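Undergrad: For reference, the structure I am asking about is given below.
What follows draws every value from the coordinates through simple rules; no lab data is involved. Remember, predicted model here, so these are calculated numbers, not experimental data. Methodologically, a virtual Cβ is constructed for each residue, glycine included, from the backbone with ideal geometry; neighbour enumeration extends over all protein chains shown.
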Amino acid sequence: MEIILIQDVPNLGFKDDIVTVKDGYARNFLIPKGMAIMALPSEKKKLAETLKQRSFKEEKVRKEAEKLAEKMTDIHVKIGAKVGTSGKIFGSVNALQIADAIKNQYDIEIDRKKIMVDGDSVKEVGVYKAKVNLHKEVRFDIKFEVIAE
């Protein structure tokens, strides 16, 4: 029996895949649990239209992310922090402070969840790199410097 998966199913397929399974598996497990629907011609047409619209939207989002990445490749962010006598920071610098500094210095809004700092946080003064994942295909590094206030 051909079915359309509504959600990812381990060892079978991903959401919106059309797969062939045994009738009992589809009727007794996948369909009642809401994991799949029968692949009727009308459902296949709906799926094709949905995939077409989704690909159009994803292309638009990807292009916007590429534009933003191109704009941000050469920026150098400075983050001020209170420092002790040994050069260690009171607290730490994490993705939230980096996102705020980018917004304040360059007026560019980036979600803090998309910024990955090596080691999760920075605890000393110096120059570091952070990875920014704007889209699954668009990633880049930014340099940031932690300075004493």
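Undergrad: At 7 Å along the Cα-to-beta-carbon direction for both residue 70 and residue 47, put a label point, then send me their distance in nm to one decimal.
TA: 3.6
Undergrad: So how far apart, in nm, are the two label points at residue 54 and residue 25 if each is 7 Å from Cα heading toward Cβ?
TA: Inter-label distance under the simple model: 2.1 nm.
Undergrad: Would you list which aspartates and glutamates come within 17 Å of residue 44, measuring only between C-alpha atoms, while excluding same-chain residues fewer than 8 positions from it?
TA: Candidates past the 8-residue exclusion: 2, 16, 17.
Undergrad: Could you check what % of the DSSP bridge pairs in the chain are antiparallel, to the nearest 5?
TA: Values: 22 of 28 bridges.
In the chain, approximately 80 percent of DSSP beta bridges are antiparallel ones.
Undergrad: Which whole-number value in Å³ per residue fits the convex hull of the alpha carbons of the range 1-80? Please report the intermediate quantities before stating the final value.
TA: On the way: hull volume 11.5 nm³, N = 80.
Each residue corresponds to 144 Å³ of Cα convex hull volume.
Undergrad: Give the separation of the Cα centroids, the range 1-53 to the range 56-104, in Å.
TA: Centre-to-centre (Cα) distance: 41 Å.
Undergrad: So, one more: Can you give the Rg to Rh ratio for the range 69-148, taking only C-alpha atoms and Rh from Kirkwood?
TA: Values: Rg = 12.4 Å, Rh = 12.8 Å.
Dividing the radius of gyration by the Kirkwood radius yields 0.97.
Undergrad: By how many degrees, 0 to 90 and rounded to 10, does the Cα axis of helix 95-106 deviate from the longest principal axis of the chain?
TA: 70
Undergrad: What percent do you get for the relative contact order of the chain when only Cα pairs under 8 Å and 6+ apart count? Don't skip to the end; give the middle numbers.
TA: Numbers: 219 pairs, mean separation 29.5, N = 149.
Taking the mean separation of contacting Cα pairs over the length of the chain, I get 20 percent.
Undergrad: Moving to a separate point now. Bin width 10 Å, alpha-carbon pairs only: give the P(r) of the chain as whole percents, running from 0 to the bin holding the largest distance.
TA: 10, 28, 18, 16, 16, 10, 3, 0
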